[in-house]
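Heads up: the structure comes next, in C-alpha cells.
The values are calculated or read from the model by the stated rules, or taken from the named source; none is laboratory data. These numbers were taken from a predicted model, which means no experiment stands behind them. Note that each Cβ is placed from the backbone with ideal geometry, even for glycine, and that neighbours are counted across all protein chains shown.
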Amino acid sequence: MDEATALTLQRLRSGALAGTTRLRLTGGLSALPPEVFELADSLEVLDLSGNAMSELPADLSHLRRLRILFCSDNRFTRLPEVLGECPQLEMVGFKNNVIREVSAAALPPRLRWLILTGNAIAGLPDALGQRPRLQKLMLAGNRLTRLPDAMAACERLELLRIASNRFEELPGWLLELPRLAWLAYAGNPVAEASEERAVQSHPVPEIDWHRLQLHEVLGQGASGVIHRAAWQDHGEVAVKLFKGEITSDGSPLSEMDACIAAGPHPALIAVRGRVSGHPAGTPGLLLGLLDRAFGNLAGPPSFGSCTRDVYAPDVRFTWPGLLAVAGGMASAVAQLHARGILHGDLYAHNILWNGSDRALLGDFGAASFFAPDSAQAAALQRIEARAFGCLLEELLERCDDAPGQPGRPAIERLKADCLAPDPRQRPGFEAIAAALRS
C-alpha cells in the first residue's frame, strides 16, 4: 500500500472523510478496504485504478449511492458479477485488466457508460441489449469478432469504440441505430485493406529525424506527445511522436495513417511529412505549427453530460463566425469521406478555434477507413452526419445574434435533418457543406 492510500484510509477511520461523495484509492491494494463501507450512505464515485485487485467484495451493493466505479489497471479476469447488484451504478471502467469473461449478471441495470478497453474479451452477453440507458461503449483492444444482435435494441447508444479487435464485417443493424454518432473500428480486418489503400494513395515526404531539433512540449494525449521543433533549413514546426499502446479510441498508428491520408485542407492541420530514423523507432509526423491564438473549442464530455462536450461559459459566436466554423468543418469532413476516412470523433473538443471565424479539425485517434464505393459507405457517413448535427446544435445555442437572421430557419432545418432518427434521412457532407455555403 502506498503512502497516499494509507493516509486516505487513516482519514476514513478517523471520520475526517465522513459524507464524502468521491474516493480515490490507488497503489498496491489487493482487496477493497472495509473502511470504504463507512461511506455507504454518501459515496458516489470510487476510483480503484492502479492496484492489484482481481475481485470485489460480495457486499459492494451496500454502497447504495455508488454511480461511478473505476477499476482500470488491475488484475481482473472477469467483470465482477456483484456490479449487477449495485442499484445506482451507471458508469463502469475496467480498462487494461485481463478480462476474458463478461456475464449478463455483471451488467448493472442502470448502465450508461461501459469501458472495457484493453482486455481479452472474445464475446459479450445478449443482455447488453437489455440496458436501455446505454450511451457509451468502449471495447477497443479486445478479441471480439461480433457484437450481440440483441444490441440492435440499444437505441440510446451514441458512442461505440470497437477498434483493434477481430471484426471481419460490421453488423447491418449497427448502421441503423437512431442515435449512434461517434464510431471507431480501425485496426480490424474489415478496415485493413481500405486503410492501406488510403495511405498509399496519398503519400507524404519522409523527414529524417536528425534534421529535427525538439523543443518544449506543446501538448500530449493518450496517443502521443506534440513538441515544438526546428526543422533544418525550414524553420519552426510541430512534431507529434506516437505512443504504441492502444487507446480508448484505437491504435495510434491508424491515427497517423488517417492524418496522412486526409490530405491538405484549410480546416485541417497541415501534415508536412512522416518522421523517419527515430533512434527508438518511434513513429511520428511533422505538422504545421499553429498560431498561439488557437485553442480547443470546448472541453470533453463530463461524467454528467456523458456524450456532449462542456463549453466554457464565455464561448460565444457571431452569426458569420458560426457559419465559417460550421462550413469549414463540413467541408473538411466531406474531403475525409471522399478519401474513405471516417473521423469518428467529430466533437468541439477536437476542434481548434481562433476565437473568431477560423477553426481546424484535429485528433484523428478514432478515425476509421472504408471503401468509398462499398455498400456500407453511405451509411457510415450518415453516422457522422448526426455528430455534425450535435455540433451545429451547440454552436447555435451559443450564437447571440442567431435569432432574426434570414438564414436561421435553413440552418435549423439542416440541424434537424442531421439529427434525424432514421439515418437514411440524413444528408451527406457534400450536401451539408453546400447548404452552409448558400
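Look at the stretch 278-316 and say how many of its residues are closer than 19 Å to F364 by Cβ, part of a loop (DSSP other than H, G, I, E, B) and not acidic (D, E). So the count comes out to 10.
Over 25 Å from N188 (Cα atoms) and outside any loop (DSSP other than H, G, I, E, B) - does that describe any residue in the stretch 120-137? Yes, the stretch 120-137 has at least one match.
Is there a residue in the stretch 360-377 that is within 26 Å of R292 (Cα to Cα), touching a helix residue (DSSP H, G or I) at 6+ places or on another chain (Cβ under 9 Å) and polar (S, T, N, Q)? No: zero hits.
Taken over the stretch 239-262, the criterion of being at pLDDT 90 or above and either surrounded by fewer than 24 Cβ atoms within 10 Å (Cβ to Cβ) or part of a helix (DSSP H, G or I) (or both) is satisfied by L241, F242, S254, E255, M256, D257, A258, C259, I260, A261, A262. Residues in the stretch 416-434 that are surrounded by fewer than 19 Cβ atoms within 10 Å (Cβ to Cβ), part of a helix (DSSP H, G or I) and either under 27 Å from the mean Cα position of the chain (by Cα) or modelled with pLDDT under 95 (or both): A416, D417, R424, Q425, E430, A431. Determine whether G281 is farther than 19 Å from D345 by Cβ, within 23 Å of the chain's Cα centre (by Cα) and not assigned by TED's automatic domain parsing to the domain that holds A140. Against the criterion (farther than 19 Å from D345 by Cβ, within 23 Å of the chain's Cα centre (by Cα) and not assigned by TED's automatic domain parsing to the domain that holds A140), G281 does not qualify. Annotation for the stretch 264-277: at least one member residue is touching a residue at least 24 places away in the same chain (Cβ under 8 Å), among the β-branched types (V, I, T) and assigned to a loop (DSSP other than H, G, I, E, B). Collect the residues in the stretch 64-89 that are crowded, with 20+ Cβ neighbours inside 10 Å, of a type outside the set (A, V, I, L, M) and touching a Pro at 6+ places or on another chain (Cβ under 7 Å), keeping them in residue-number order. Of everything in the stretch 64-89, just one residue is crowded, with 20+ Cβ neighbours inside 10 Å, of a type outside the set (A, V, I, L, M) and touching a Pro at 6+ places or on another chain (Cβ under 7 Å), namely C86.
The conditions are (1) farther than 12 Å from H337 by Cβ; (2) of a type in the set (A, V, I, L, M); (3) in contact with a Lys or Arg (Cβ under 6 Å, 6 or more places away or on another chain), and A385 fails exactly one of them. Which is it? Among (1) farther than 12 Å from H337 by Cβ; (2) of a type in the set (A, V, I, L, M); (3) in contact with a Lys or Arg (Cβ under 6 Å, 6 or more places away or on another chain), the lone unmet condition for A385 is (1). Touching a residue at least 24 places away in the same chain (Cβ under 8 Å), within 21 Å of the chain's Cα centre (by Cα) and not in a loop (DSSP other than H, G, I, E, B): does that describe L160? For L160, the condition - touching a residue at least 24 places away in the same chain (Cβ under 8 Å), within 21 Å of the chain's Cα centre (by Cα) and not in a loop (DSSP other than H, G, I, E, B) - is met.
The set of residues in the stretch 365-396 being of a type in the set (D, E, K, R) and at pLDDT 95 or above consists of R382, E384, R386, E393, E394. Residue count for the stretch 344-357 satisfying the condition of being without any contact (Cβ under 8 Å) to a residue 60 or more places away in the chain and either surrounded by fewer than 23 Cβ atoms within 10 Å (Cβ to Cβ) or not in a strand (DSSP E or B) (or both): 6.
Only residues that are out of contact with any helix residue (DSSP H, G or I) (no Cβ under 8 Å at 6 or more places or on another chain) and within 25 Å of R64 (Cβ to Cβ) were counted across the stretch 115-134, and they come to 4.
In the stretch 4-14, the qualifying residues are those that are in contact (Cβ under 8 Å) with a residue 12 or more places away in the chain and not aliphatic (A, V, I, L, M), and the one that is nearest to E35 (Cα to Cα) is R13.
Within the stretch 189-237, the set of residues being hydroxyl-bearing (S, T, Y) and in a loop (DSSP other than H, G, I, E, B) comprises S223 only. Taken as a whole, the structure leaves T282 outside the set of residues that are among the β-branched types (V, I, T), under 30 Å from E168 (Cβ atoms) and surrounded by 13 or more Cβ atoms within 10 Å (Cβ to Cβ).
Within the stretch 397-415, residues that are part of a helix (DSSP H, G or I) reach partners that are not aliphatic (A, V, I, L, M) with beta carbons closer than 6 Å, at six or more positions or on different chains, in the pairs K415/G389; K415/E393.
Summed over the stretch 233-255, residues that are of a type in the set (D, E) and in contact with a helix residue (DSSP H, G or I) (Cβ under 9 Å, 6 or more places away or on another chain) total 3. Can you name the residue in the stretch 388-415 that is more than 21 Å from L342 (Cβ to Cβ) and basic (K, R) and is also surrounded by the most Cβ atoms within 10 Å (Cβ to Cβ) among such residues? Filtering the stretch 388-415 for residues that are more than 21 Å from L342 (Cβ to Cβ) and basic (K, R), the one surrounded by the most Cβ atoms within 10 Å (Cβ to Cβ) comes out as R398.
In the stretch 33-47, the residues that are over 13 Å from R11 (Cα atoms) form Cβ pairs under 6 Å with partners that are of a type in the set (K, R) and surrounded by fewer than 16 Cβ atoms within 10 Å (Cβ to Cβ), at six or more places apart or across chains, as follows: V45/R22; D47/R24.
Taking every residue in the stretch 135-156 that is on the phi < 0 side of the Ramachandran plot and assigned by TED's automatic domain parsing to the domain that holds L89 and pairing it with any residue that is part of a helix (DSSP H, G or I) and surrounded by fewer than 18 Cβ atoms within 10 Å (Cβ to Cβ), at least 6 positions away or on another chain, the pairs with Cβ-Cβ distances below 6 Å are P148/D126; A150/D126; A152/W173.
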